[in-house]
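The numbers here are math on the coordinates, done by the rules we state, and not lab data. None of the values given here were measured: they were computed from a predicted structure. Please note: Cβ atoms are built from the backbone with ideal geometry, for glycine as well, and neighbour counts cover all protein chains shown.
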Amino acid sequence: MLTIGLDLDGVICDMVGSFLPEAKRLFGHDISQNDLSDFNIWEVTPITLEQSKQIFENDIFLSKLRQVRDASKHILTLANNAIIHIITARWEDRKPATTKWLHDNGIIYDKLSFVPSSQKAEFAKQNGINMFVEDKYSTALGLAEVCPLVCLMDYPWNQGQLPKNVYRFSGWSHLISHPLVNAVLLITKEMQKKSPLDMLDIFK
Ligand SMILES: [Mg+2]
């Protein structure tokens, strides 16, 4: 069966949308999402790494995060056609807070794995991920070498040229209505008898 890998923060969970108001509340930093030209917030804004960790490691903060617009609704559509494997670079000690958040937000999924960004591509290869939805630019480039289709959620921090099997989407509504994604879902049954990499033929 088709297996879809989903990143969590920036794809399902609107981490930055809640992180920036929290950084303002706690430390007085007034930063907009458009200021985030790099994924490492502490490298491109006055927010320090220590301050970032202080926010990220707070389970109460994690429990209150909003989901990316319409994520649960459209992930349900994917789940009706594929195995959903959430692969996040959060530290595994965030697992209880993370599973609770997924449950509370009605996110349907089959598997949840905690994998550092630098190891996501190898993990995706080993787990036969056919399609991956990600928001980190460098991770998407690595995934493109092992996954037939990579969907990049568009943000200021992931701008740059993309390989031909990486597509940029403005959000879940855009992704779910795209002919390419629909084609991938429609061919699920045919793909059940083939290896994941056979799907590469579809994009030639
Ligand atoms: Mg992410």
Exercise. Return a whole-number percent for the relative contact order of segment 15-63, with Cα pairs under 8 Å and 6 or more residues apart as the contact set.
Key: 29
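What length, rounded to one decimal in nm, is gained on full extension from S177 through to T77, with 0.36 nm per residue of separation minus their alpha-carbon distance? All intermediate terms of the calculation are to be shown ahead of the outcome.
On the way: separation 100, 0.36 × 100 = 36.00 nm, distance 1.10 nm.
Full extension from S177 to T77 adds 34.9 nm.
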Quiz item: What do you get when you divide the Cα radius of gyration of segment 15-63 by 2.2 N^0.38 Å, with N the number of residues?
Solution: 1.03
Practice problem: Find how many whole Å separate the alpha carbon centroid of segment 1-76 from the alpha carbon centroid of segment 110-130. | Solution: 21
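Restricting to DSSP H runs of at least four residues, report the calculated mean residue ellipticity at 222 nm for the chain, -39500 (n - 2.57) per run over all residues, nearest 500 deg cm²/dmol.
Details: 11 runs with 80 residues, N = 204.
Theoretical 222 nm ellipticity from helices: -10000 deg cm²/dmol.
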Quiz item: Mind listing the Cα extents of segment 1-148 along all three principal axes, in Å, largest one first?
Solution: 48, 32, 27
Quiz item: At a Förster distance of 41 Å, what's the computed FRET efficiency of L162 paired with D104, Cβ-Cβ distance as r, to 0.05?
Solution: 0.75
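Mind ordering 21-28, 116-123, 134-141 by average Cβ neighbours within 10 Å, highest first?
On the way: 21-28: 13.5, 116-123: 16.4, 134-141: 21.9.
Ranked from most to least packed, the peptides come out as 134-141, 116-123, 21-28.
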